[in-house]
Structures are given as C-alpha cells and as structure tokens.
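The values are calculated or read from the model by the stated rules, or taken from the named source; none is laboratory data. The structure displayed is predicted, hence computed values, not measured ones. Heads up, the Cβs are rebuilt from the backbone with ideal geometry, glycines too, and the neighbour counts pull from every protein chain shown.
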Amino acid sequence: MARPEKDIPAAAPMEVAELARELRALRRSSGLTYKDLSDKSHYSSAALSTAASGKTVPKWEVVESFVRGCGFTGDLTTWQRLHKNALARAKTEEAAGKVKVRAAEAETGEPDGADERTEVHHPRLLGGLRKPVPAPEAVVPAQPDGLLTLVQQFMDAHMQLDARLPEDPQRVSSLTVDHVHTALALCTTPQDVLSVMRELVADKGLTIGALERRSRKYYPISGATFAHVLNGDELPTTEWLNIFLRACGVDQERTLIWHYTVTRIKIANLRHRKTPPPLTVTPVEPSISADYMRRLLVLTVGVMSVLGATVTAVIATIR
C-alpha cells in the first residue's frame, strides 16, 4: 500500500501551494500512483512527487509532463498561469531572503556563521588595503498576476512591519481590511473579476470537480461550464455568479460586493461602448420607418384598451 502523501507545508507561499494542490488533485482524479505516472511521463517518481510537494517550484517541462501523463488533453493556459505565478512568487521570496541576509551582514559587519568558524590569523600585508567588493544590484523580481495575490502580498508585508513597530503611534494599521473586498474594489475590467474568481477557487483549495459537486446543492452546473466561464473573458450572469460563490463557501451576506462589482463593470462597459459607424451614409429605409410606425400603433392601441377598461370599471362602480 502506498504511503500517504505528506501535507503541503503551511509556510509555503500561496501560489506555490496552489500549484501543488492542483497537481495533486489531478493525479488523484486520474487514479494513478506516482509509479504509474512515472511510466507515462518519463520522469522519476521522486521528481514527480517533489513537483507536487509544495516545497519547490518544478520546471515547466515537469509540470507539462505531469499533467499530460494524468491524461489531461485540454489547453494548458491555466497550468501555465499557475506555474508562472508560483515561479514569480518563489523568486520574490528568494530575493527578499537575500536582502535580509545582506542587511544582517551589514549590521554585524561579518557574514552569517562567521562566529562558528575557527579564527585563523594571517600576517597582514602593509602594501595597501583591498578595495571593497560592491554589492550586486538588487534585481526586481517579476510579480505574480492577479489582484488578490498582490493584495495578499501587501497585507503580508504590512503585518511584518506592524510586528516590528507595534507601538509606533504614526502607523495606521489596516489589518482588518478584507483582501477580497480590496481586490474587487480595484477591478476595472471583466478580466480582473475573473482573475479574482480563479484566485478565490485556488485559495479555497477547490477544483473544478469540487465546484461541480458543491453546485448541486443550489443548481447543478457542469465542470465544463465552470472551466469555460473561469477561463473566458465574459462576466457571468447574476444567477451563475451567486451559485459559484455559494459553491465556493462564500456566505450569502458577503456576496453583495461581488454583485456590485460585476454590475459596476457591466454599466461602465455599456457607457463606453461605441457603436461602429455605417460603411456608407444612407437615408432611413422605408422598412425601418414602417416598423417604427407599427410599434407605435400597437402601443397606442394598448394604451387605449387600458383606458377603456378603466373607464368601464369606474362606470360600473358608480352604477
């Protein structure tokens, strides 16, 4: 019997853990063991297990072979996005760690671990002093895409700063800010909202199959429909959005901000939508005028009918 898979480390960055969760869910749904997957993907069981461990970010070639080996034949855009986000977050964490190490060395005047090494004295040369080696320029790492991710990173940095300066009266803490509400407030396009929706699914640790099962409690929606909407570029309907949010475990009272955001963007799109000009300037066609007159006549007849019924009812009441 295969040993149970170890849990994803709690300290793993959100994007790295998200990639690992999706890989694990895909393998489990395929019913394959890591040994079976190794035979199909031409990577060792250890390499595949490490790829889904959440401890490191695997190479894209490993992820692609992992996914295809599980029998997935669809578009890899979502997997590429997951890998890109995880890789960018890992680089961010690595760069931040290097900055902390350099800061610690600057404070102590010596690299970490210098006190553990045996001190060896060498005769000093009096001919001159060695020029200090300039520190390498800090490389600004690429940021993961997604508003919710960026808001989460900002709040993490804010919490770390609050921990270092808890008594600073000039600091205004905003730790009670709802990450999702903040991300939705920053949305300006349908793609922004869909990105937050995808990140909500990942943050809840859900898969497309889980969404399909959970939706049956409210209204059954197929996994294909979930995937089509989440990976598309059109905003969902009000009913679909409500079922999606409830399937994600969002409380009913907390769905209002989602509906408000979607409605706001839909109205903005309608206001800024430009009707393309006609290819040639032509006079109004008779068919259009006739159609307009026909509608006006129907409306007039309807109004007169209502007025007639009202007058008849009043006369009957008086009698």
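Assorted remarks:
- Answer from Ser65, Ser49, Ser45 - the residue that is at pLDDT 90 or above and within 28 Å of Ala224 (Cβ to Cβ): Ser65
- Qualifying residue in region 248-271 (condition: under 25 Å from Ser30 (Cα atoms), at pLDDT below 90, out of contact with any strand residue (DSSP E or B) (no Cβ under 6 Å at 6 or more places or on another chain) and not assigned by TED's automatic domain parsing to the domain that holds Ala20): no
- Comparison of Ser65, Ser53 shows that the only residue that is part of a helix (DSSP H, G or I) and not aliphatic (A, V, I, L, M) is Ser65.
- Being at pLDDT 80 or above, more than 27 Å from Ile267 (Cβ to Cβ) and not assigned by TED's automatic domain parsing to the domain that holds Val16 is a condition met by at least one residue of region 183-203.
- Each residue in region 21-64 was checked for being under 21 Å from Lys84 (Cβ atoms) and aromatic (Phe, Trp, Tyr), and 2 of them qualify.
- Pro236 falls short on exactly one of the conditions (1) under 26 Å from Thr73 (Cα atoms); (2) buried (at least 17 other Cβ atoms within 10 Å of the Cβ); (3) modelled with pLDDT under 90, and that condition is (3).
- Among the criteria (1) assigned to a helix (DSSP H, G or I); (2) farther than 30 Å from Glu93 by Cα, the one Gly74 does not fulfil is (1).
- Of the residues making up region 160-182, those that are modelled with pLDDT under 55 and polar (S, T, N, Q) are Gln170, Ser173, Ser174, Thr176.
- Residues that are surrounded by fewer than 19 Cβ atoms within 10 Å (Cβ to Cβ), touching a Gly at 6+ places or on another chain (Cβ under 8 Å), among the charged types (D, E, K, R) and assigned to a helix (DSSP H, G or I) within region 174-210 comprise just one, Arg198.
- Of all residues in region 211-229, exactly one satisfies the criterion of being of a type in the set (Gly, Ala, Ser), surrounded by fewer than 14 Cβ atoms within 10 Å (Cβ to Cβ) and assigned to a helix (DSSP H, G or I), namely Ala224.
- Selected residue (criterion: surrounded by the most Cβ atoms within 10 Å (Cβ to Cβ)) from residues of region 13-42 that are assigned to a loop (DSSP other than H, G, I, E, B) and touching a residue at least 24 places away in the same chain (Cβ under 8 Å): Pro13
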